[in-house]
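What follows is a single structure, written as structure tokens, with notes after it.
The values are calculated or read from the model by the stated rules, or taken from the named source; none is laboratory data. Computed from a prediction, not measured in an experiment: that's the story for all the values here. With ideal geometry, Cβ positions are generated from the backbone for all residues, glycine too; neighbour counts draw on all protein chains shown. Heavy atoms of the whole protein, side chains included, go into the accessibility calculation; ligands, DNA and RNA do not. Shrake-Rupley method; radii C 1.70, N 1.55, O 1.52, S 1.80 Å.
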Amino acid sequence: MAATRFALIIFAASLFLMLLPDCCSGSFIGICYGRNADDLPTPDKVSQLVQLHKIKYVRIYDSNIQVLKAFANTPVELMVGVPNSDLLSLSQFQSNADTWLRNSILPYYPATKITYITVGAEVTESPNNASMFVVPAMTNVLTALKKVGLHKKIRVSSTHSLGVLSRSFPPSAGAFNSSHAYFLKPMLEFLAENQSPFMIDMYPYYAYRDSPKKVPLDYALFEASSEVIDPNTGLLYTSMFDAQIDAIYFALTALNFRTIKIMVTETGWPSKGSPKETAATPDNAQRYNANLIRHVINNTGTPAKPGQELDVYIFSLFNENRKPGLESERNWGLFYPDQTSVYNLDFTGRGAVDMTTSANITRSNGTTWCIASSKASQMDLQNAVDWACGPGNVDCTAIQPSQPCYEPDNLVSHASYAFNSYYQQNGASDVACSFGGTGVKVDKDPSYDNCIYMRAGGNNKTVTGNTTAMSSTSSTAHKGSSSLIYGFVLVTSLSILLNIQRY
């Protein structure tokens with residue numbers, strides 16, 4: 001009996017360990033790689049850029065051969081698209097779907113990790129409404145995958161705009177537009193049967209742009225100081241993103257589709273717009289996407305589905321200069337075509353992106369921290385870190401390789417740790433967080449994982465004249481700060497002369 005019980009325990013433990021990676025994988029952030037431009041880098045260079053920034057999930061809108069080849073033998077997982085123009089052909093005959101799979105997917109799989117196929121994109125928004133072809137095309141593509149044994153490894157779905165809802169507020173009243181019922185109901189049955197996600201493209205930016213008097217900007221940016229209450233459920237919302245997601249959950253529930261997961265296949269914020277698009281700025285774009293990433297990576301879920309996994313793709317990798325419409329349409333990218341960043345963004349959601357605007361971080365009354373501004377130039381940050389870890393007497397061991405605060409390996413994150421250590425050691429005064437204008441005081445704890453940021457009450461030192469952070473306002477600096485600034489200029493000048501790249 002004892003031996004049998006022991007064997008059962010071993011079996012149960014083994015089963016648990018086998019299931020653990022799947023059940024606890026967590027939400028992920030991906031990126032949309034649109035190519036509606038004439039100045040983009042080659043797919044090979046794009047693949048290198050994506051991997052450099054540790055992006056592991058990419059959505060493309062077709063099955064371009066060069067793109068599929070560029071991501072071969074990389075850790076990146078691709079979502080491949082069937083354009084709306086191909087829906088009629090794939091829906092008419094099974095042989096067409098078989099041929100498409102044989103020519104567009106099988107030659108590159110599994111070297112290229114293809115995990116999703118989106119059959120059609122926002123069909124209800126296209127001028128030539130092809131929605132009647134979507135489900136038959138999806139069915140034929142799935143059948144083609146079954147023939148080669150890939151239907152469990154590559155999921156089939158289709159993307160939608162938020163326009164599929166007739167009502168989205170309050171979230172509990174979320175409902176699908178009845179005019180789309182003829183294709184939505186069979187599609188939802190398809191998704192439920194095949195455990196595929198309901199894919200949605202949603203943009204709080206448009207809601208704010210079109211109704212700025214009704215939608216507060218901070219509510220659209222995940223930064224609302226007050227809560228919006230759903231009168232039917234009593235649930236409290238501090239972001240439009242969560243409210244829109246829950247509206248979809250409630251719409252699915254109303255049709256008795258309770259097991260279908262939601263995946264956000266596009267969301268983002270433009271960094272530039274026409275004169276009337278005043279909210280389209282790099283600062284707002286950085287704030288929205290940084291808060292979004294942290295919200296997703298933390299598995300925060302939504303008020304109606306707390307802790308629910310939600311995978312999200314940010315639109316878009318590049319600014320695309322051939323997109324029609326307002327100026328904002330060509331400025332959703334995180335990168336310029338020359339591969340430089342439009343603004344700083346950490347895709348891991350772990351480091352100090354710009355904690356002045358990050359969501360879901362513990363707020364501590366009366367305690368402040370000092371971090372690096374994401375708007376500071378790389379040279380200014382490097383010079384400031386060199387000073388803090390040298391003459392500033394900060395112990396920078398924690399941001400060295402293999403140490404708790406080394407990842408994410410970027411200058412903003414490393415500088416934030418060094419700045420805060422100096423700030424706390426020197427009395428947490430305003431001047432101790434200046435760093436030539438590159439330091440920012442925040443009241444949210446930037447600590448993450450095993451990287452613990454020092455706080456007031458630790459091993460602080462008294463601020464003295466020769467240990468004051470660089471100040472951009474020397475007239476208000478502590479006594480002796482002018483000699484310190486001279487010392488800082490001397491140190492940084494030597495750093496430049498010696499071409500110091502790392503601390």
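Structure notes:
- Candidate cross-link partners of residue 272 among the lysines, defined by an alpha-carbon separation under 17 Å and a same-chain spacing of 8 or more, comprise 323, 375.
- Stretching the chain fully between residue 226 and residue 95 yields a gain of 41.6 nm (0.36 nm per residue, less the alpha carbon separation).
- Charge context of residue 301, other residues only, Cβ under 14 angstrom, K/R +1, D/E -1: -1
- Remark: the range 245-357 projects, on average over all directions, an area of 8.7 nm² (convex hull of Cα atoms).
- Across the accessible surface of the range 214-303, with the other protein chains kept in place and a 1.4 Å probe, carbon and sulfur atoms take up 54 percent.
- Cα gyration tensor shape for the range 190-258, rounded if a/c is under 1.5, else prolate or oblate: prolate
- The range 100-155 and the range 205-227 have Cα centres separated by 36 Å.
- Taking all protein chains together, 265, 115 sort by accessible area into 115, 265, largest first [probe 1.4 Å].
- Only Cα pairs under 8 Å and 6+ residues apart enter the sum, and on that basis the relative contact order of the range 204-281 stands at 21 percent.
- Its relative contact order, with pairs defined as Cα atoms under 8 Å and 6+ residues apart, puts the range 17-142 at 25 percent.
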